[in-house]
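Step one of this worksheet: look at the structure below.
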Amino acid sequence: MDEKTKQILESSGINVEEFFGRVMGNEPLMLKLLRIFLKDETYKALKAAVENGDREKALEASHSLKGMTGNISAVRLFDLFSQQVALMREDKWDLAFAMMPEISNEYEYLTSAISGNIS
């Protein structure tokens, strides 16, 4: 991975060194996981569940996204989903749902950085 791409991914919230270690230095696997993340529909499912007030589906989607962002070392989004899942489990649904604008901004920033910088 070239330095420019690494810097862009870092600025988007991915801890590239941690991610590289997680995939044991396998850069093709790293890029494959990023492509899979881009294609995944779970974020859309979370947005729909929140809009519809479907708590069960929202928790399921947020928890899945927590895992996915952890797998790619997207630390800022991982932290946001971790907080959201914790609030949902504490039955603080209004606070959890109120996190969506911040989550959406971070998600859009990350996916834009990934899609614009990996082939």
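Consider the stretch 85-103. How many of its residues are part of a helix (DSSP H, G or I) and exposed (fewer than 15 other Cβ atoms within 10 Å of the Cβ)?
If we filter the stretch 85-103 for residues that are part of a helix (DSSP H, G or I), which is where we start, we get 85-89, 93-98, 100-103.
Restricting the remaining residues to those that are exposed (fewer than 15 other Cβ atoms within 10 Å of the Cβ) gives 86, 89, 94-95, 98, 101-102.
Within the stretch 85-103, residues that are part of a helix (DSSP H, G or I) and exposed (fewer than 15 other Cβ atoms within 10 Å of the Cβ) number 7.
Name the residue that is modelled with the lowest pLDDT, counting only residues in the stretch 104-119 that are assigned to a loop (DSSP other than H, G, I, E, B) and exposed (fewer than 15 other Cβ atoms within 10 Å of the Cβ). Spell out the reasoning first.
Taking the stretch 104-119 as the starting set, the residues that turn out to be assigned to a loop (DSSP other than H, G, I, E, B) are 116-119.
When the remaining residues are screened for being exposed (fewer than 15 other Cβ atoms within 10 Å of the Cβ), the result is 116, 119.
Values: GLY116: 87, SER119: 64.
If we take residues in the stretch 104-119 being assigned to a loop (DSSP other than H, G, I, E, B) and exposed (fewer than 15 other Cβ atoms within 10 Å of the Cβ), then SER119 is modelled with the lowest pLDDT.
Quick one: which helices (runs of 4 or more DSSP H) sit completely within the stretch 1-84 and have at least 1 residues that are among the aliphatic types (A, V, I, L, M), over 18 Å from GLU106 (Cβ atoms) and open to solvent by 10 Å² or more (accessible area, probe 1.4 Å)? Let's see the steps before the verdict.
Details: elements: 3-11, 16-22, 27-39, 42-52, 55-71.
In the stretch 1-84, 27-39, 42-52, 55-71 are the helices (runs of 4 or more DSSP H) which contain 1 or more residues that are among the aliphatic types (A, V, I, L, M), over 18 Å from GLU106 (Cβ atoms) and open to solvent by 10 Å² or more (accessible area, probe 1.4 Å).
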### Query
Can you find even one residue in the stretch 67-74 that is more than 27 Å from GLN7 (Cα to Cα) and either touching a residue at least 12 places away in the same chain (Cβ under 8 Å) or in contact with a Phe, Trp or Tyr (Cβ under 8 Å, 6 or more places away or on another chain) (or both)?
no
### Task
List every residue pair whose Cβ atoms sit under 9 Å apart, with the two residues 6 or more apart in sequence or on different chains, where the first one lies in the stretch 78-104 and is at negative phi and the second, anywhere, is open to solvent by 80 Å² or more (accessible area, probe 1.4 Å) and modelled with pLDDT under 95.
none
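For GLY70, are the conditions met, namely being within 24 Å of ALA113 (Cβ to Cβ) and of a type outside the set (Lys, Arg)?
Working: within 24 Å of ALA113 (Cβ to Cβ): yes; of a type outside the set (Lys, Arg): yes.
Here the answer is yes, as GLY70 does meet what is asked.
The values are calculated or read from the model by the stated rules, or taken from the named source; none is laboratory data. What you see is a predicted model, and the numbers here were worked out from it, not measured in a lab. Here the Cβ is made from the backbone with ideal geometry for all residues, glycine too, and neighbour counts use every protein chain on show. To get the accessible areas, we keep the full protein, side chains included, count just its heavy atoms, and leave off ligands, DNA and RNA. Shrake-Rupley method; radii C 1.70, N 1.55, O 1.52, S 1.80 Å.
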